[in-house]
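Sharing a structure, written as structure tokens. Questions coming.
The values are calculated or read from the model by the stated rules, or taken from the named source; none is laboratory data. Please read all numbers here as calculations on a predicted model, not as lab measurements. Every residue, glycine as well, gets a Cβ built from its backbone with ideal geometry; the counts of neighbours run over all protein chains shown.
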Amino acid sequence: MSSVRHLIYSRLLFHYSKSPIVNTSVCWNGRQKRLFSTTNRRRTVMPAWVIDKYGGSDVLRFTKNASFPVITYPNEVIVKVNAAGLNPIDVSMRGGYGAASLSVKRDPLSLNQAGREFPLILGRDVSGVIMECGLDVKYFKERDEVWAAIPPWKQGSLAEFVVLSGNEISRKPKSLSHKEAAAIPYVAATAWSALVNTGGLSKDNCAKKRILILGGSGGVGTFAIQMLKAWGAHVTVTCSQNAEQLVRDLGADHVVDYTTGPVEKPLSALEKFDLILDNVGGETERWALSLLKPWAGGKYVTLVTPFLQNTDLLGVADGMMQTAATMATKALKHLVKGVHYRWGFFAPSGPALDEISEMVDAGQIRAVVEETFSFATVPQAFEKMEKGHARGKTVVQISKEDDYL
């Protein structure tokens, strides 16, 4: 699955209103306090791109009156957004994908009325600066530069500020700017969850393993290539011809062009694989598992699952039952053939980003920013991503001169 990512970059400093009415806030982090001043208005609202209902590109709305995020739990922090990332899941969420499950996650006891998630702020990646820490936050302090992958059930990063758990953030790689850093967290957390948590790979056991990435030129694929190569794996990738040079530059050992015809035949001629990461889904499951080494712990991990689609169509309870039945059936079907069938899911993880940050600063993983938009043209960035015209490193810059702020 080709993943396209659009980044929104902010160069804003504190440009609070010139109103003489100011309030002073005290932020404690266990060791020191920090004072900052702002107007009453600035402390209650902020600029953001929001949606008020699910739909197409026309539902995107800019507002200067989005609710300012507040710390609810003592392990949370407020982050000033310097760069925000937009992923394909944001386009899907804009249309209502996963709404049933995400609503339950946001409100497990169904205490709120339907539609209380609106206005909803999209954006899954963030790189910025901590402005305030909850009382239990010890590992971070105000003014720390951090990055994070924001869970889909939380308000996103297409805004001036966002609130996150201290367990979800990590210190930004020193070698990257904010806009470069915002190209990585969500796809990195997704790839890490699939390959490490589900696939069982690590830097200690990955050397010389043969890995196949189906759909390797998207966001998750390009990150996975770099991480696996840094750990010593042999990586084979399927992609289109125009992306071949990109994946080779990232370290892919062997590339198969899927535009020249079915890829089953050239892949079948290769030595069997220890793990397959599937970003494509669909018919690939019909033949891909035969490429694994049988009875040798081979794993097939797919990121294309019916979970959210089932819960949207059938409701949360019936959808989860249908999903469990499907997963169990497929797992047993392939287990008797000597291979393991698994589903991979995004999982936010600050500790994982800590390790990824070290890899970035060591030069093992790089980020590429391909294009720049202005903050005022966020809808155009959505449109370009939706049409697949960009491969995923598009930047929207925000400046103090922007009329939208």
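Name, by its number, the condition in (1) at pLDDT 95 or above; (2) surrounded by 15 or more Cβ atoms within 10 Å (Cβ to Cβ); (3) under 21 Å from the mean Cα position of the chain (by Cα) that does not hold for Glu358.
Among (1) at pLDDT 95 or above; (2) surrounded by 15 or more Cβ atoms within 10 Å (Cβ to Cβ); (3) under 21 Å from the mean Cα position of the chain (by Cα), Glu358 violates only (2).
Test Thr259 against the criterion of being polar (S, T, N, Q), buried (at least 22 other Cβ atoms within 10 Å of the Cβ), in the same structural domain as Asp204 (by TED's automatic domain parsing) and under 28 Å from the mean Cα position of the chain (by Cα), and give yes or no.
Judged against the criteria, Thr259 is not a match.
Quick check on Lys203: is it surrounded by fewer than 19 Cβ atoms within 10 Å (Cβ to Cβ), within 25 Å of Ala182 (Cα to Cα) and touching a Gly at 6+ places or on another chain (Cβ under 9 Å)?
yes
Need pairs with beta-carbon distance below 6 Å; first residue closer than 13 Å to Ile211 by Cβ and within the stretch 285-299, second small (Gly, Ala, Ser); sequence gap 6+ or separate chains.
If the second residue must be small (Gly, Ala, Ser), the pairs left are Leu292/Gly298; Lys299/Gly199.
Do you know which residues across the stretch 327-379 are in a helix (DSSP H, G or I), more than 25 Å from Lys174 (Cα to Cα), in contact (Cβ under 8 Å) with a residue 12 or more places away in the chain and small (Gly, Ala, Ser)?
Once the filter is applied, which keeps residues that are in a helix (DSSP H, G or I), more than 25 Å from Lys174 (Cα to Cα), in contact (Cβ under 8 Å) with a residue 12 or more places away in the chain and small (Gly, Ala, Ser), the stretch 327-379 yields only Ala376.
Taking the stretch 238-279 only, how many residues are under 19 Å from Arg210 (Cα atoms) and not in a helix (DSSP H, G or I)?
Residues that pass the stated criteria total 22.
Which condition does Thr238 not pass, out of (1) touching a Gly at 6+ places or on another chain (Cβ under 8 Å); (2) at pLDDT below 95, if it passes all the others?
Checking Thr238 against (1) touching a Gly at 6+ places or on another chain (Cβ under 8 Å); (2) at pLDDT below 95, the one that fails is (2).
Looking at Val163, Val137, which one is in a loop (DSSP other than H, G, I, E, B), over 19 Å from Phe382 (Cα atoms) and at pLDDT 95 or above?
Val137 is the lone residue from the list that is in a loop (DSSP other than H, G, I, E, B), over 19 Å from Phe382 (Cα atoms) and at pLDDT 95 or above.
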